[in-house]
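Undergrad: After the C-alpha cells below, expect a handful of questions from me.
The values are calculated or read from the model by the stated rules, or taken from the named source; none is laboratory data. No experiment lies behind these values; they were computed from the predicted model shown. Because the Cβ atoms are built from the backbone with ideal geometry, glycine has one as well, and the counts that use them run over all protein chains shown. Areas reflect the complete protein model, heavy atoms only, side chains present, ligands, DNA and RNA absent. Shrake-Rupley method; radii C 1.70, N 1.55, O 1.52, S 1.80 Å.
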Amino acid sequence: MLRPKAQLSSVLEITPQWLKTRGIKGLLLDLDNTLVPYKFKGEPPEELVAWVKSLEAAGIRVFLVSNAQHKRLRAWSAKLGVEGIGLAGKPWFGIRKGLKRLGLSPSQVAMVGDQVFTDVLGGNLAGVYTILVTPISQKELGYTKLIRRLERLILKL
C-alpha cells in the first residue's frame, strides 16, 4: 500500500508517451514540493507551464489535488490553467474527489506527488497508478520533515 508504481526525480520526466504506454489518460497532481516549492508564491517556471500544456495537448487530463489551503490552490490553479481542490484530505478523500472530477476510471489515472503517506497511500487506496517524485525543496512543515524519515525507511524495505 505504501509502494509507488514509479519513482522519478521530477514531474518533467513524465511525458505524454510515457503515460500512454501505461494506459494513463489523466493525472492527479500534488502541488507543494511536487510542482512548486512549499510556500512559493512567484510565477511558475516556464518549463512547468510548457509541461502542463504538452500534457493537455496530448489529451491527458490534469487536475490538482492538494492539502494546501483553498486560497493557495486557487492561485496556482489560475497560474497553471488547471482545475483543482485544496484541503483535499489526502490520503482518504481528495484523490477520490479528483477521480470523480476527471471522469476517468482508476486504471486510467495516475497520482503524482512527493509524499508516501498522502500521495502514494491515497493513490493506492483509490486504485490509481502512483508516481513518487523527489521533493523540490527541503523547506516544508515540521511534521512533514519527521514523516520523511519514516518514508525513507519504508522505501528502503
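Undergrad: Give me the pairs, please: first residue somewhere in the range 91-104 and within 18 Å of GLY59 (Cβ to Cβ), second residue anywhere and assigned to a helix (DSSP H, G or I) and open to solvent by 10 Å² or more (accessible area, probe 1.4 Å), beta-carbon distance under 8 Å, and either six or more positions apart or on two chains.
TA: What qualifies is LEU99/PRO106; LEU99/ALA126.
Undergrad: From (1) charged (D, E, K, R); (2) modelled with pLDDT of 95 or more; (3) out of contact with any Asp or Glu (no Cβ under 7 Å at 6 or more places or on another chain), pick out the condition that doesn't hold for LYS39.
TA: LYS39 satisfies every listed condition except (2).
Undergrad: Sticking with this one: Taking GLU83, is it among the acidic types (Asp, Glu), within 27 Å of ILE154 (Cα to Cα) and at pLDDT 95 or above?
TA: Taking the combined requirement at face value, the residue does not satisfy it.
Undergrad: Also, quick follow-up: Search the range 39-88 for residues being among the polar types (S, T, N, Q) and under 20 Å from VAL120 (Cβ atoms), and hand back the single one that is farthest from the chain's Cα centre (by Cα).
TA: ASN67
Undergrad: Further, regarding this structure: Taking helices (runs of 4 or more DSSP H) that fall entirely within the range 24-139, which contain at least 2 residues that are in contact with a Phe, Trp or Tyr (Cβ under 8 Å, 6 or more places away or on another chain) and crowded, with 16+ Cβ neighbours inside 10 Å?
TA: 94-102, 121-126
Undergrad: A further question on this structure: Mind listing just one residue for me: the one in the range 14-23 that is closer than 28 Å to TRP92 by Cβ and of a type outside the set (A, V, I, L, M, F, W, C) and, of those, least open to solvent (accessible area, probe 1.4 Å)?
TA: Among those residues, the one meeting the criterion is GLY23.
Undergrad: Considering (1) within 13 Å of the chain's Cα centre (by Cα); (2) open to solvent by 20 Å² or more (accessible area, probe 1.4 Å), say which one LYS5 fails and leave the rest.
TA: Condition (1) is where LYS5 drops out.
Undergrad: Within the range 89-113, how many residues are under 19 Å from TYR38 (Cβ atoms) and either at pLDDT below 95 or over 13 Å from the mean Cα position of the chain (by Cα) (or both)?
TA: The number of residues fulfilling the criteria is 4.
Undergrad: Of the residues in the range 6-23, how many are touching a residue at least 40 places away in the same chain (Cβ under 8 Å), closer than 20 Å to THR134 by Cα and part of a loop (DSSP other than H, G, I, E, B)?
TA: Result for the range 6-23: 3.
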